[in-house]
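I have placed the structure first, in the form of structure tokens, so that the comments after it can refer back to it.
The values are calculated or read from the model by the stated rules, or taken from the named source; none is laboratory data. Not measured: the values here are computed from a predicted model. Every residue, glycine as well, gets a Cβ built from its backbone with ideal geometry; the counts of neighbours run over all protein chains shown.
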Amino acid sequence: MEPVETDPIETTAEPSTSAPPAAAEATTTESTVTHRNISEWHGRELVDCSGERIGRLEDVYYDVETEEPQFGTVKEGLINRHLTFVPLAGVTIGPDNLQVTVTKDQVKKAPNIGLNDLSRIDEPNLYHYYQLNYTPLETESGRRLARR
């Protein structure tokens, strides 16, 4: 059995040079090409950095400024249902799953978010928990993340 290649997400925004000269208008950035099929991620299994199952991807939250996917959500709990946010930076797209760079233990200890939506207070706490840089935007909402 041959090894299966995976497709890691690239977050660079450099123009692709693989387009033929006649298709210059169709030249896209690497991040656009890489993130084109994110809608196909919904319902796929999320696994941690060592391959342990985390859960099924429910939603993807994007950075409203960069348009890059930042977090995915999985539902947890049988009685007290809640969302757990999992960082998607550096995700590797496998044939049957999406592998993230954090451990299952980190995800289990992450702040619990209600099923309705991420609040303004929850947003910076989530970034800080995963030790990610967070700067609120200078907008009316001040929100950095949006669900699509």
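Beta carbons closer than 7 Å, at least 6 apart along the sequence or on distinct chains, pair a first residue in region 128-145 that is within 16 Å of residue 61 (Cα to Cα) with a second that is of a type in the set (Gly, Ala, Ser) for 136/142. Scanning region 87-106 for any residue that is assigned to a loop (DSSP other than H, G, I, E, B), among the acidic types (Asp, Glu) and modelled with pLDDT under 95 turns up at least one such residue. Considering region 51-62, the residues that are touching a helix residue (DSSP H, G or I) at 6+ places or on another chain (Cβ under 8 Å) and not in a strand (DSSP E or B) include one that is surrounded by the fewest Cβ atoms within 10 Å (Cβ to Cβ), namely 52. For region 63-86, the set of residues classified as surrounded by 14 or more Cβ atoms within 10 Å (Cβ to Cβ), in contact with a helix residue (DSSP H, G or I) (Cβ under 9 Å, 6 or more places away or on another chain) and under 21 Å from residue 120 (Cα atoms) consists of 68, 69, 70, 71, 72, 74, 84, 85, 86, listed by residue number. Within region 120-148, the set of residues being of a type in the set (D, E, K, R), in a loop (DSSP other than H, G, I, E, B) and within 22 Å of residue 106 (Cβ to Cβ) comprises 144 only.
Assess whether residue 91 counts as being within 20 Å of residue 49 (Cα to Cα), surrounded by 11 or more Cβ atoms within 10 Å (Cβ to Cβ) and of a type outside the set (Ser, Thr, Tyr).
Values: within 20 Å of residue 49 (Cα to Cα): yes; surrounded by 11 or more Cβ atoms within 10 Å (Cβ to Cβ): yes; of a type outside the set (Ser, Thr, Tyr): yes.
Criteria met by residue 91.
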